[in-house]
Amino acid sequence: MNQYTFSLDAGIDEVVSPNGQICSGTITPEVILRNYGSDPLTSVTINYQVDANPIQTFNWTGNLTQGGSTTITLPSQTVGGGSFTFNAFTSNPNNGTDQNVSNDNASSAFTTITNGDEVDFTLITDCYGSETDWEIVDNATGNVVHSGGNYSNVNGGETIQETLCLASGCYTFNITDDYGDGPQAHQH
């Protein structure tokens, strides 16, 4: 069966953002629009919402050939702090009816921390990264807010870099090595 069975078939391939943890109560959604149809896609309505809030629309115009895609940045909005789901779906491709609605929508889960602080986290493992685990615990609640581990076993170690978001407060950083021979200090 031909991948491009339908002439009018637009869809959201992926929600790039918001996704995961965001260190602000403001989001700037980004979605990947794809032309799944055989006809060039020149216009489509992108419908989007956070949780069950009212659906907002964004009218896109351009020229996507068969199989083509583009990243669309939608207007920023304030959502406050908490856990949410972002939904996006297409409608009215080329002012017509989408012939395959099964690929129209995509969603993502995200959490916002209003007034959070971004923290750059770097960890250098020893040669046995699979033995290394770490966690950051919120001292006020005792909850683990970030964690990682079970990294690759790489000769010379592995450098792990992440940007984490922490709400204002005090935290404890715990790191363990299953074998008991690390973490080790490196001199340069």
Exercise. Just to be sure, is VAL44 within 18 Å of GLN99 (Cβ to Cβ) and open to solvent by less than 50 Å² (accessible area, probe 1.4 Å)?
Worked result: yes
Exercise. Can you tell me how many residues in region 96-120 are open to solvent by 40 Å² or more (accessible area, probe 1.4 Å) and farther than 30 Å from THR5 by Cβ?
Worked result: 8
Exercise. With SER24, SER17 as the choices, which residue is of a type in the set (Gly, Ala, Ser) and closer than 13 Å to ALA88 by Cβ?
Worked result: SER17
For this session: Return yes when PHE84 is over 17 Å from the mean Cα position of the chain (by Cα) and among the aromatic types (Phe, Trp, Tyr) and no when it is not.
Result: no
For this session: Run down PRO54, PRO93 and say which single residue is over 25 Å from VAL145 (Cβ atoms) and loosely packed, with under 14 Cβ neighbours inside 10 Å.
Result: PRO54
Exercise. What strands (runs of 3 or more DSSP E) completely inside region 2-105 contain at least 3 residues that are modelled with pLDDT of 95 or more and at negative phi?
Worked result: 10-17, 30-35, 41-50, 56-64, 69-73, 82-91
Exercise. Residue check: is ASN103 polar (S, T, N, Q), farther than 30 Å from GLY25 by Cβ and within 21 Å of the chain's Cα centre (by Cα)?
Worked result: yes
Exercise. Within region 172-181, which residues are open to solvent by 80 Å² or more (accessible area, probe 1.4 Å) and either among the small types (Gly, Ala, Ser) or not in a strand (DSSP E or B) (or both)?
Worked result: ASP178, TYR179
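The values are calculated or read from the model by the stated rules, or taken from the named source; none is laboratory data. Keep in mind the model is a prediction, meaning the values are calculated, not measured. Positions of Cβ are backbone-derived with ideal geometry, glycine not excepted, and every protein chain shown enters the neighbour counts. Surface areas here come from the heavy atoms of the whole protein model, side chains and all, with no ligands, DNA or RNA. Shrake-Rupley method; radii C 1.70, N 1.55, O 1.52, S 1.80 Å.
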